[in-house]
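> The structure under discussion is supplied below as structure tokens; questions concerning it will follow.
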Amino acid sequence: MVETAIRTGALDALSARAPAIAAASLRTCPPASRFNFRGRPEAFGPAGEAFGVALPQTACRAASESGRHALWLGPDEWLLIAGDGEAAEIAAKMESALAGLPHSLVEVSHRNTALEIEGSHAADVINSGCPLDLSAKAFPVGMCTRTIFHKAEIVLWRIAENRFRLEVWRSFAAYVWAQLEEARREYGA
Amino acid sequence: MSGAYRLPSGGRINRQKPISFTFDGKKYQGFEGDTLASALIANGVLLAGRSFKYHRPRGILSAGADEPNALVGVGRDQAHYTPNVRMTMQELYDGLVAESQNRWPSLMFDVGAINDMLSPFFPAGFYYKTFMWPRKAWDAFYEPKIRSMAGLGKAPTEADADRYSQRYAHCDVLVIGGGPAGLAAALAAAESGARVMLADDQPEFGGSLLAETEATIDGKSAIDWVAEMVAALKARANVTLLSRTQAFGYYPHNSIGLSERLTDHLANPPAHLPRERFWTVHAGEVVIAAGSLERPMVFPENDRPGVMLADSARIYVNRYGVKPGKRAVVFTAHDGAYRAALDLKKAGIEIAAIADLRHHPEGPLVEAAKAAGIDVLPGTSVTGTAGRLRVKSATLARIGADGSAMDERQVECDLVLMSGGITPSVHLFSQSKGKLRFDEHLKAYVPGRPAERERSAGACRGLYALSAVIADGFAQGEGAAKSAGFGGVTARTFAVAGTLESDPGSFLGAAPHGRDASRVKAFVDFQNDVTAKDIRLATREGFRSIEHVKRYTTTGMATDQGKTSNMNALGIVSEALERDIPEIGLTTFRPPYTPVSFGAFAGASRGDLFDPVRTTPIHGWAAEQGAAFEDVGIWKRAHYFPKAGEDMHAAVERECKAVRDSVGIFDASTLGKIEVVGKDAATFMNRIYTNAWTKLEPGRLRYGVMLREDGFVMDDGVVGRMADDRFHVTTTTGGAPRVLAHMEDYLQTEWADLEVWLTSTTEEWAVIAVQGPNARKVIEPLVEGIDLSPEAMPHMSVAVGKICGVPTRLFRVSFTGELGFEINVPADYGRAVWEAVFAAGKAYDITPYGTETMHVLRAEKGYIIVGQETDGTAVPDDVGLGWAVGKAKKDFVGKRSIVRDEFQKPDRKQMVGLLTDVPAEVLEEGAQIVADPKQPAPMTVLGQVTSSYMSSVLGHSIALAMVKGGRARLGETLYVPMPGRAIPVKVVEPIFFDKEGVRLNG
């Protein structure tokens, strides 16, 4: 019998070496199930119902329900995030609910790597390479958007006032991580 | 005690904190709070450098960012070395090491000073006149010589060891300049609730008030008022205060570049701090409160060390507690110098005389000077100075109505203070594309209509009285906040007392001196060594536009951007051409306002972080095996896997053989992947690709070709139909983003009605290609739920199942001509599955191979690589892909173009194979192909070699080429001309190995 393959995350080696900096702590997020959902409006409702989180209709807002998250990325596009290992069940449930409705559900669990930065200088660190206004007024808790961080594309999501999640494509993860390390270095006195 | 010229009291220095530093190897003492300039002045040192062109000794001219002369190299070693540092901006720290520039062997004695004697041979435009002939001497002699002589500081020899950080920031109101206007503006805006940023280039806020000893504001001393304002701003959460921060560039849409110096003032910078921070601020509204610059007087020998701007001398006395000299002559056309004279006198500096170019100076400051017993000489000019490395005397002369000089007399002095008037600092306003307006009364350019959401406040818009400056600052700050949508600022007035009103009148141009104008040097631009004579010569030689005069004489083109020189140059041109200043115009102000470190612009984007380096999930394994990598876009791909002692050629030969004989394993993860999903997916694929897709059954693969609208091949790749409404599209590695954008473009702009969506899945899948006759045997034991038999899974099919217990989309596909599989697994499993396949392959001597071997194997089969065989001008038929064009299809992107007559012509470049006579001869890729090797150049070129390799399986080199009418030339001999010879090549079909495709279907 063949042994089951084990997972190797893009940031496993880097995150093990990350120094503790309270003003901007950096960590990887555990593996997750992810989907890119797109479709026509008639599919939005059933999709949310089947996924367990009503898809937010407000631009650049995330909604969460029992550990599942739906992030608005475009008028017909959401990034769905759920616990690791739930992908097959979610796909089956959603596809059956969406039968005959115009939509596209594509699993991207491994495409993205997620990391979190938290602390009083978290926004400053992100602003080292992200041109967005990250004040609480312009980018409140619960806001998410596709944007850039230095030369990489990221999905940025403000989970709490001083806590952000970055979803980044796997091969860019090491670069994003290194840039975050570089930017938060000055808070590690 | 730090220096004989230190005043016993006063100044904003910390006398409890003495500091040691060296200048040109000599040790000196200063105090905390000193600049390098003020500390040297305290030690009686004014000689700071040698000038650019004539190597004349130069002293400290100013006390701020406008300093043209006192430039030094600073740094403890070459990895921390900065040339051309303005002494006036360099804060003193313990152990600071500075050295003067542009002199040899020493600052006191400089061989290059010979240039000064030779100056009659270096007139304006010298470079343009002298180095024209002979033409050949330019490359061999003139340019290298000029290069070695040019410039002031020396670039460091080691890479910069410091770190630089960058930050984007947003605010409602950005206030540039923390002087009286800026502080008031920031307070007003802050009180409105707006998010405010205040940037100032000095270590402490206050601007001109840091040198103010007389004035009171609201009954407090100026300095106490500043402290109170700063405290009030600091206490507010909506205010960001940035000191040591130069606003250097005003870019469109209120983007402002700031350069913050974080460690240049520290003796032992903590390792975690970056040296500088580069801010890109997006401001709702901008208040420019940049203050003003004092203008030098242009008179003969006005560049001798000891000649200084009057207000700068006042700053040295009041702010730094140092005496720039013992006995001063003041030369002015402006009341401000009287204030300086009074303050200097109070500090114990003897004022020998005030020579005022104006014939009837009057007003409270003039009266105060007279009352203090200072000798005021109206209608008097300084017509020269004497002294070698420092002023010893100045020559004064009365100026007649006709400009003649009378009653010359020498006055002993070690200091000449000058003030031609005030130039409002309109640089940033002008950078913002705001229109400047010439104010006849002020004789100055002031901001006119803004082009951005911006307003100027205080001295930078021509207001000089302190009361007016503060009131204006507050009003502009309030106005800015209001424009940004904030209001409710309580009206406020500031009671200013203790200042004497001054006349803003001023003088532009060169002062009259009555001496032989061809023999004197009256400097306009100190840093580029441009004299009044040079500018007049330019006008005599026919230059009329100030932009041309600037370039011809180089005035205003040094690193100080003409802060002290531009207006005087204008005045001289105006006089020479007898035209008003507004008619002559003004040169363009360009960012940066002051020099900015390259490091700050680069930020963290250097070395390993210059660009993202994309690696595959299998990269680590390849690195451990000693693979050589190549860059493909920003991906790193394994190029080949050398064993000990192997070069690339040997490794590739071995890898190729392994794939042909048994089995190889290849990381194809970088291939672009796009999931095309929706009811109309097949319709979409039909329109985007040349091929027909409707009849492709789920579970089958097809090679697809994509054209641009112009009919040229854009990309290719294998596509799997996973379900009726789902395609797994692959693209070239480099083409992935382009292809997705191309597809999205059509979908969104042309075919919005189609129910189909695209998702990039490039990074979802790791792709492991297993290729070779034993490929099936290797993977069979690892696969579950898929029948791998040729009947169940023929060439060009796809199945979903499991491998090593994880999900896979298994492709039976080949880019080598061998039996092959491409195993797609979720990326995080990529490495483990790869290792499992590798372990299973051991029995078959499985060999990892890189992109080079992949290229050879595919060339042996005549498979093209888009971007190698194609160059953006090839239609499918040119590269032998006519078969992939769906003839029956009504339309697809590019169809209309490829049916054009031009693309049917038989003499188009077509892909063929080439074989050399000598089997070991490998042609150079890119080499040209001709029919007649004896034709003299330029030869008639028929085409070029696009791919060329040594094929170990054939024992012969092979090449693919694009040749005019190539398919009709099969069997012909053509030539590849190389230096000294021409290589004969035989034109053959572009497929060299297993033409029948037997192995593929194994």
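> Could you please state, rounded to a whole Å, how far the C-alpha centre of the stretch B:612-645 is from the C-alpha centre of the stretch B:701-720?
If we compute the Cα centre of each part, the gap is 28 Å.
> What order do B:Lys145, B:Lys323 take when sorted by accessible area (1.4 Å probe), most exposed first?
Values: B:Lys145 105, B:Lys323 40 Å².
Ranked list, largest accessible area first: B:Lys145, B:Lys323.
> Oh, and also: Less than 11 Å Cβ to Cβ from A:Glu153, Lys/Arg counted +1 and Asp/Glu -1: what total charge do the surrounding residues give?
Details: positive: A:Arg146, A:Lys151; negative: A:Glu167.
That sum, taken over residues with Cβ under 11 Å, equals +1.
> Determine the distance separating the Cα centre of the stretch B:551-574 from the Cα centre of the stretch B:815-875; give it in Å without decimals.
If we compute the Cα centre of each part, the gap is 64 Å.
> Out of residues 5 or more away from B:Leu436 or on other chains, whose amide H comes under 5 Å of its own, with H placed 1.01 Å from N in the peptide plane?
It is B:Gly448, by chain and number.
> Determine the calculated [θ] at 222 nm for the protein assembly as shown from helices alone, applying -39500 (n - 2.57) to every DSSP H run no shorter than 4 residues and normalising by the residue count; nearest 500 deg cm²/dmol.
After summing the helix terms and dividing by the residues of the protein assembly as shown, the value is -6000 deg cm²/dmol.
> Shifting gears a bit: Rounded to whole Hz and in sequence order, give me ³J(HN,Hα) for the stretch B:192-207 from the Karplus expression 6.51 cos²θ - 1.76 cosθ + 1.60, θ = phi - 60°, writing x for Gly and Pro.
Each residue's phi maps through the Karplus curve to give 6, x, 5, 6, 10, 10, 10, 10, 9, 7, 8, x, 10, 6, x, x Hz.
> Just for the stretch B:297-419, what percent of DSSP beta bridges are antiparallel, to the closest 5?
If I count the DSSP bridges inside the stretch B:297-419, around 40 percent turn out antiparallel.
> In what sequence, highest mean first, do B:645-655, B:958-968 appear when ranked by Cβ atoms within 10 angstrom?
Going from most to least packed, we get B:958-968, B:645-655.
> So how much accessible surface do B and A hide from each other in total, probe 1.4 Å, in square angstrom to the nearest 100? Display every interim value, and only then the final one.
On the way: alone 41300 and 9650 Å², together 46590 Å².
Between B and A, the summed buried area is about 4400 Å².
> Using alpha carbons only, how many degrees (0 to 90, rounded to 10) separate the axis of helix B:851-860 from the longest principal axis of chain B?
So the helix axis and the longest Cα principal axis differ by about 40 degrees.
> Roughly to the nearest percent, how much of the accessible area of the protein assembly as shown is carbon and sulfur, given a 1.4 Å probe?
54
> Using θ = phi - 60° and the Karplus form 6.51 cos²θ - 1.76 cosθ + 1.60, what ³J(HN,Hα) does each residue of the stretch B:537-547 get, whole Hz, x for Gly and Pro?
For the stretch B:537-547, the Karplus-derived couplings read 4, 4, 5, 5, 7, x, 7, 10, 6, 4, 5 Hz, x marking Gly and Pro.
> Got the relative contact order for the stretch A:32-108 handy, in percent, Cα pairs under 8 Å and 6 or more residues apart?
Taking the mean separation of contacting Cα pairs over the length of the stretch A:32-108, I get 44 percent.
> Please report, to one decimal in angstroms, the Kirkwood hydrodynamic radius of the protein assembly as shown built from all distinct Cα-Cα pairs.
Kirkwood hydrodynamic radius for the protein assembly as shown: 35.1 Å.
> Quick one: P(r) of chain A from all Cα-Cα pairs, 5 Å bins, percents rounded to integers, in order of increasing distance.
In order of increasing distance, the bins hold 1, 8, 16, 19, 18, 15, 10, 7, 3, 1, 0, 0 percent.
> Please go through the stretch B:674-759 and write out the GluC sites (Glu not before Pro) that DSSP classes as loop and that have at most 12 other C-beta atoms within 10 Å.
B:Glu750
> So which of A:Lys137/B:Lys234; B:Lys861/B:Lys895; B:Lys695/B:Lys889; B:Lys53/B:Lys550; B:Lys346/B:Lys370; B:Lys53/B:Lys533 end up more than 19 Å apart, counting from Cα to Cα?
Too far apart for the 19 Å limit: A:Lys137/B:Lys234; B:Lys861/B:Lys895.
> Over chain A, what is the relative contact order in whole percent, taking alpha-carbon pairs under 8 Å and six or more residues apart?
25
> Here's another thing I want to ask about it. Between helix B:222-234 and chain B, what is the angle of the helix's C-alpha long axis to the longest principal axis, kept within 0 to 90° and rounded to the nearest 10?
The answer is roughly 30 degrees.
> Against the longest principal axis of chain B, how steep is helix B:310-320, in degrees 0 to 90 to the nearest 10, with axes from Cα atoms?
Roughly 80 degrees, rounded to the nearest 10.
> Pop out a list of residues from the stretch B:160-191 that are at least 40 Å² less accessible with all the protein chains around than in their chain alone; 1.4 Å probe, no ligands or nucleic acids counted.
Those are B:Arg163, B:Gln166, B:Arg167, B:Tyr168, B:His170, which lose 40 Å² or more relative to the chain on its own.
> Go through the stretch A:80-189 and name the trypsin sites (Lys or Arg not before Pro) that are in a DSSP coil and have 16 or fewer other Cβ atoms within 10 Å of their Cβ. Can you show the working numbers first?
Values: sites: A:Lys93, A:Arg111, A:Lys137, A:Arg146, A:Lys151, A:Arg158, A:Arg163, A:Arg165, A:Arg170, A:Arg184, A:Arg185; in loops: A:Arg111, A:Lys137, A:Lys151.
Answer in residue order: A:Lys137, A:Lys151.
> Order of B:594-606, B:59-71 by packing, highest average Cβ count within 10 Å first?
Details: B:594-606: 17.8, B:59-71: 26.4.
Taking the mean over residues of other Cβ atoms within 10 Å, the ranking is B:59-71, B:594-606.
> In the stretch B:608-635, which residues become less accessible by 50 Å² or more once every protein chain is in place, relative to the chain on its own, using a 1.4 Å probe?
So the qualifying set is B:Leu609, B:Pro612.
> While we're on this one: Which percent of Cα pairs goes in each bin when the distances of chain B are cut into 10 angstrom slices starting at zero?
2, 10, 15, 16, 12, 11, 12, 12, 8, 3, 1, 0
> Continuing with the same structure: Tally Lys and Arg at +1 and Asp and Glu at -1 over the other residues with C-beta under 12 Å from the C-beta of B:Arg319: what net charge comes out? Display every interim value, and only then the final one.
Values: positive: B:Arg12, B:Arg314; negative: B:Asp34, B:Glu204, B:Glu212, B:Asp311, B:Asp343.
Charge balance near B:Arg319 sits at -3.
> Where in the stretch B:954-986 is the amide nitrogen less than 18 Å from a point lying 7 Å along the Cα-to-Cβ axis of B:Val918?
What the label zone holds, given the 18 Å backbone N cut-off, is B:955-959, B:974-986.
> Please tell me the relative contact order of chain B in percent, rounded to the nearest whole number, where contacts are Cα pairs under 8 Å and at least six residues apart.
RCO, chain B: 9 percent.
> Right, another one. Could you work out, residue by residue across A:171-182, how many beta carbons of other chains sit within 10 Å of that residue's beta carbon, and then give the average as an integer?
5
> Connecting C-alpha atoms closer than 10 Å in a GNM of chain A, tell me which of A:Arg38, A:Arg27, A:Arg17 has the biggest fluctuation.
A:Arg17
> Right, something else. Taking the Kirkwood radius as the inverse of the mean 1/r across Cα pairs, report the Rg/Rh of the stretch A:32-108.
Details: Rg = 10.9 Å, Rh = 11.9 Å.
On the Cα set of the stretch A:32-108, Rg over Rh gives 0.91.
> Shifting gears a bit: Which whole-number percent of Cα pairs in the stretch B:297-419 have a distance greater than 20 Å?
Values: 2615 of 7503 pairs.
The share of Cα pairs beyond 20 Å in the stretch B:297-419 comes to 35 percent.
> Compare the peptides B:272-282, B:975-985 by average per-residue count of other Cβ atoms within 10 angstrom and give them in order, highest first.
Descending mean neighbour count gives B:272-282, B:975-985.
> Continuing with the same structure: Using the heavy atoms of the protein chains and a 1.4 angstrom probe, tell me the accessible area per residue for chain B in square angstrom.
Result: 39 Å² per residue.
> Sticking with this one: For every other residue with a beta carbon closer than 11 angstrom to the beta carbon of B:Gly626, add +1 if it is Lys or Arg and -1 if Asp or Glu, then tell me the sum.
Overall, the nearby charge balance is -1.
> Report the GluC sites (Glu not before Pro) located in the stretch A:1-79 that are in a DSSP loop and have at most 12 other Cβ atoms inside 10 Å of their Cβ, or state none.
On the way: sites: A:Glu3, A:Glu42, A:Glu49, A:Glu65, A:Glu77; in loops: A:Glu3.
Passing both the DSSP loop test and the Cβ count: A:Glu3.
The values are calculated or read from the model by the stated rules, or taken from the named source; none is laboratory data. Just so it is clear, the structure is predicted and the values come from calculations on it, not from any experiment. A quick note on method: Cβ atoms are made from the backbone with ideal geometry, for glycine too, and the neighbour counts reach across all protein chains shown. Areas reflect the complete protein model, heavy atoms only, side chains present, ligands, DNA and RNA absent. Shrake-Rupley method; radii C 1.70, N 1.55, O 1.52, S 1.80 Å.
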